[in-house]
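*Asks:* So that we are looking at the same thing, I have put the structure below in C-alpha cells.
The values are calculated or read from the model by the stated rules, or taken from the named source; none is laboratory data. Source: prediction; values computed, not measured. We place every Cβ from the backbone using ideal geometry, glycine too, and count neighbours over all the protein chains shown. These area figures cover heavy atoms from the full protein model, side chains too; ligands, DNA and RNA do not enter into them. Shrake-Rupley method; radii C 1.70, N 1.55, O 1.52, S 1.80 Å.
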Amino acid sequence: MMKRNVHAVAGVFSFLFIATFWTSTVVAELFLDHSAVTSVKVAITYAFIAFVPCMAITGATGFFMGGKSTFPTLIAKRRRMPIIGANGLLVLIPAAIFLSIKAQSGEFDGSFYTVQVVELLAGATNLTLIGMNIRDGRQMSRRHQNI
C-alpha cells in the first residue's frame, strides 16, 4: 500500500511539474517580456532538483509494483514509460538547459524559438502520456479495491 501511495504522489507531482513548466513558458512567451521568460527558464532548471527525483521515484515504484504482470492496462503503462523517459532525458532536460543559457545571454533568436517549440511539443507529449498513465493507474486501483 505504501509503495502505491508513493507512486501515485510522485506521478501526480511529476505531472504537475511538467504542467507548470509548460504553462509558465506559454504565458511568459505570449504575454510577458524577455526578462520574465528568462526568469521562467532559470526557475525550470532549478526545479529539476525536485522534478527529476519525482520522475525517478515514479518510474522505480511503478516498475517494482508491476513486476512481470501481463495485465493489459499495466502493459500499456509500461510501454509509455520509455517514451516518457527518453523524451525527458533526451529532449526536455537538454532543451530547458539550452533555453535557460540562451535566455540568460539575451539570445532570443531563431535557435531559441525553434528549441522552444520542440520543448513545448515534447512537454505536451509527456503531459498526455503521464496523464494516460495516471488515468490507467486510477482505474487499476479502483479495480483492485473492488476485488
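*Asks:* Residue by residue through the stretch 118-134, note down the ones that are touching a Phe, Trp or Tyr at 6+ places or on another chain (Cβ under 7 Å) and open to solvent by less than 20 Å² (accessible area, probe 1.4 Å).
*Replies:* Within the stretch 118-134, G123, I130 meet the criteria.
*Asks:* Taking the stretch 1-42 only, how many residues are open to solvent by 50 Å² or more (accessible area, probe 1.4 Å), under 23 Å from P94 (Cβ atoms) and within 15 Å of the chain's Cα centre (by Cα)?
*Replies:* 6
*Asks:* Restricting attention to the stretch 43-75, and to residues there that are part of a loop (DSSP other than H, G, I, E, B) and free of Cβ contacts under 8 Å to residues at least 40 places away in the same chain, which single residue is most open to solvent (accessible area, probe 1.4 Å)?
*Replies:* So the residue we want is K68.
*Asks:* Give the number of residues within the stretch 80-117 that are open to solvent by 70 Å² or more (accessible area, probe 1.4 Å), assigned to a helix (DSSP H, G or I) and more than 16 Å from S14 (Cα to Cα).
*Replies:* Residues that pass the stated criteria total 8.
*Asks:* Then there is this: Could you figure out which of (1) modelled with pLDDT of 95 or more; (2) under 16 Å from R138 (Cα atoms) isn't true of T73?
*Replies:* Result: T73 passes all but (1).
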